[in-house]
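The values are calculated or read from the model by the stated rules, or taken from the named source; none is laboratory data. Only a predicted model underlies this, so the values are computations on that prediction, with no experimental measurement involved. Here the Cβ positions follow ideal geometry from the backbone for every residue, glycine too, while neighbour counts run over all protein chains shown. Just so you know, the surface numbers come from the protein's heavy atoms only, side chains and all, with ligands and any DNA or RNA stripped out. Shrake-Rupley method; radii C 1.70, N 1.55, O 1.52, S 1.80 Å.
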Amino acid sequence: AVRLSEGLLKHSDQVAASHHAVHALLLFQMARLPARSDRAGKVILLRDQDRSLWDNGYVSQAFDHLRLAQAAPELTRYHLEAGIASLHAKAQAWHQTDWAQISRLYEILATQSSALGVLVSWATSLLQLNELDKAETILKRAESARGAQSFPGYFLAKAMLAERRGNADAAR
């Protein structure tokens, strides 16, 4: 996908600024690829990833494209998603993540897309801020979304909420 996007950037007469947002998002995701799974192929959650494995060259390019994306006349979901990814990339460690800004970007993104992943991610960011009631409200919205009952992220967020509320049985 990155090569296709690069090709479009190089060979288009007029490159849309919003394409830079898509490209930035792709680069941020590619940067994390080496840290996303262990040698056995088991997925490593973002909070547990070894950030020293992230590709700094991709991260740097992603920030360059995100700056170019600011020239777009409209704010697309790709701008928001790349912005979220940039905040993760800026943080040297999980606990240094700007969760307030991430939560705000997810809130704006949810006005454009009520997709299950957006709602669950927004709720998860709220949990990081200990805004438990608001996170619970968002998870209730997510519960009725198509595919919620088969989406592991939804259940992980519900378990995190239960754990934060001190309900170990519900968390299990």
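Summing Lys, Arg as +1 and Asp, Glu as -1, what charge do residues with Cβ under 15 Å from the Cβ of A91 carry, A91 excluded?
+1
At full extension, D64 and A17 could sit 15.7 nm farther apart than now, given 0.36 nm per residue minus the alpha carbon distance. FRET efficiency for the T111 to R165 pair, using the beta carbon distance and R₀ = 30 Å, is estimated at 0.65. For the chain, carbon and sulfur atoms together expose 51% of the accessible surface, with a 1.4 angstrom probe and every protein chain in place. Estimated from the Cβ-Cβ distance and a Förster radius of 22 angstrom, the FRET efficiency linking S144 and R104 is about 0.40. Taking all protein chains into account, the per residue accessible area for the chain stands at 59 Å² (1.4 Å probe).
Counting only pairs 8 or more places apart or on different chains, how many lysine pairs in the chain have C-alpha atoms closer than 30 Å?
Working: K10/K90; K42/K90; K42/K140; K42/K158; K90/K134; K90/K158; K134/K158; K140/K158.
Count of close lysine pairs: 8.
Compared with the dominant Cα axis of the chain, that is its longest principal axis, helix 2-11 is turned about 30°.
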